[in-house]
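Enquirer: For reference, the structure I am asking about is given below.
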Amino acid sequence: MTDKVPMTLNGYTRLEEELRHLRGNERPAIIKAIAEAREHGDLSENAEYHAARERQSFVEGRIQELEDKIGRADVIDVSKLAGKAIKFGATVNLVDDDTDEEAQYQIVGEDEADIKSGLLSITSPLARALIGKQVKDSVEVSTPKGSKSYEIVKVAFK
């Protein structure tokens, strides 16, 4: 799979920091833990050894995953984007047609999505419905709790 992975500069930086931490801190700590556990003798009944090997497997898998995503990253500088239509990186203010509650979301890559922080994954149903729309447009989205309707009140790139 050689598809590019869209992400903001902020998301890319977080992935790089996690990778640096795993390589520089976690990996050496696990190697040390395995070496210490080996010194305790019989590995077949050594819980510390098995736990360290399991952690090593997880960390190495995450390192490979991060290297892959960073290698395929399509970093989009949101500050250089403009326009009236919603696209990746846009910060969108919506009003729920039923409750009149306003919410603000930035459309970001899958790995940086965090709905509680207002970061909406580009692959989410709401983000897909918003792409290409403009201020005063309405969107309808199917959610697990039923259909929701929103009006777009603001689109910005920051």
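Enquirer: Could you list all residues from segment 121-131 that are free of Cβ contacts under 8 Å to residues at least 40 places away in the same chain and out of contact with any Asp or Glu (no Cβ under 6 Å at 6 or more places or on another chain)?
Expert: Within segment 121-131, 124, 125, 126, 127, 128, 129 qualify.
Enquirer: Further, regarding this structure: Condition (residue is surrounded by fewer than 17 Cβ atoms within 10 Å (Cβ to Cβ), under 17 Å from the mean Cα position of the chain (by Cα) and either aromatic (Phe, Trp, Tyr) or outside the structural domain of residue 14 (by TED's automatic domain parsing) (or both)) applied to segment 101-111: is it met by at least one residue?
Expert: yes
Enquirer: Any residue in segment 39-51 that is closer than 30 Å to residue 117 by Cβ and surrounded by 13 or more Cβ atoms within 10 Å (Cβ to Cβ)? Steps first, please.
Expert: Step one: list which residues in segment 39-51 are closer than 30 Å to residue 117 by Cβ, which gives none.
Scanning segment 39-51, I find no residue that is closer than 30 Å to residue 117 by Cβ and surrounded by 13 or more Cβ atoms within 10 Å (Cβ to Cβ), so the answer is no.
Enquirer: Right, here's the next one. Scan 134, 64 and give me the residue that is without any contact (Cβ under 8 Å) to a residue 60 or more places away in the chain and in a loop (DSSP other than H, G, I, E, B).
Expert: Going through 134, 64 in turn, just one is without any contact (Cβ under 8 Å) to a residue 60 or more places away in the chain and in a loop (DSSP other than H, G, I, E, B): 134.
The values are calculated or read from the model by the stated rules, or taken from the named source; none is laboratory data. Here the structure is a predicted model, which is why all the values come from computation and not from measurement. When we count neighbours, we look across all protein chains shown, and the Cβ atoms used for this are built from the backbone with ideal geometry, even at glycine.
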